[in-house]
Structures are given as C-alpha cells and as structure tokens.
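Taking it in order: structure first as structure tokens, then the write-up.
The values are calculated or read from the model by the stated rules, or taken from the named source; none is laboratory data. These figures come from a predicted structure and were not determined experimentally. Cβ placement follows ideal geometry from the backbone for every residue including glycine, while neighbour counts extend to all protein chains displayed.
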Amino acid sequence: MKKLWKCSVCGFTMEGEEAPETCPKCGAPHEKFEALSEETAKKVYDSYVTNDIHMELVTLTEKIINLSKKGAEINLDPACLAIFEKAEAACYVLKEMSKAEIAGHIAKGKW
Ligand SMILES: [Zn+2]
C-alpha cells in the first residue's frame, strides 16, 4: 500500500512516496502534509469503494423512483399502482440513507 498524505489545511489526500511540493487544491506548502497511519489509510481506501457503491445506489434508486413515478402516472390498476408507490417510497429511503452515509464518511475523513 502506498503512503497516503493529507493536507492539514484543506483535507486534500494524495498517494505517493513523498508529500507533494504544494497542495493541488489549496496551495499549502509541503510541510502542511501529514502521512496517514497505515490503519487510517486502509479505512480511507476501503471507504473509496463503499462511497462508490453508495453513489451507485443513489443513482440506481433515483432511476427506480423516476420509473415508479412514470408507472404511477399511468395508473393501470390498483395492484400495479401499489407496487410503483411502494417502490418509490422504499427507494427514497435507501437513497437518503446512502446520501447520509456518504456525508458521515466525509465528516469522519473517510473519503
Ligand atoms: Zn490543501
């Protein structure tokens, strides 16, 4: 696993043997970077994967919500409508849960 460096000014993280000369985001000098411990770096790398999965879930649930709304508008019969309404409600909850989880990861520096 490569070293992971974090800018203490803005939180930008970067892989490498050494910290960059300046922070690409905020321009802070080399000395403002700190190497993350192996344990913290592993959590950050693991969260890259789970954050991507959560973002994909947000995209997929939005797709299902839009499809469900389209199906509900047609209102073919009560059973059909009930499925679309349940799908929309369930996907809304999942979408918001994934968004909140991503926000939690960011707040904890797992990004
Ligand atoms: Zn920075």
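Mind counting the residues in the stretch 95-111 that are exposed (fewer than 13 other Cβ atoms within 10 Å of the Cβ), under 14 Å from Glu62 (Cβ atoms) and either basic (Lys, Arg) or in contact with a Pro (Cβ under 7 Å, 6 or more places away or on another chain) (or both)?
Looking only at that region, the number is 0.
Of everything in the stretch 1-15, what is over 19 Å from the mean Cα position of the chain (by Cα) and among the basic types (Lys, Arg)? Give them in sequence order.
Selection gives Lys2, Lys3.
Could you check Ala19 against (1) out of contact with any Cys (no Cβ under 9 Å at 6 or more places or on another chain); (2) within 16 Å of the ligand (Cβ to nearest atom); (3) small (Gly, Ala, Ser) and say which number it fails?
(1)
With the condition kept exactly as written, say whether any residue in the stretch 54-66 is assigned to a helix (DSSP H, G or I), within 14 Å of the chain's Cα centre (by Cα) and at pLDDT below 95.
Within the stretch 54-66 (the criterion being assigned to a helix (DSSP H, G or I), within 14 Å of the chain's Cα centre (by Cα) and at pLDDT below 95), the answer is no, since none of the residues qualifies.
State which residue pairs qualify: first residue under 18 Å from Trp5 (Cα atoms) and inside the stretch 97-109, second residue among the polar types (S, T, N, Q) and surrounded by 11 or more Cβ atoms within 10 Å (Cβ to Cβ) in any location, beta carbons under 7 Å apart, and separation of 6 or more residues or different chains.
Correct list of pairs: His105/Ser47; His105/Asn51.
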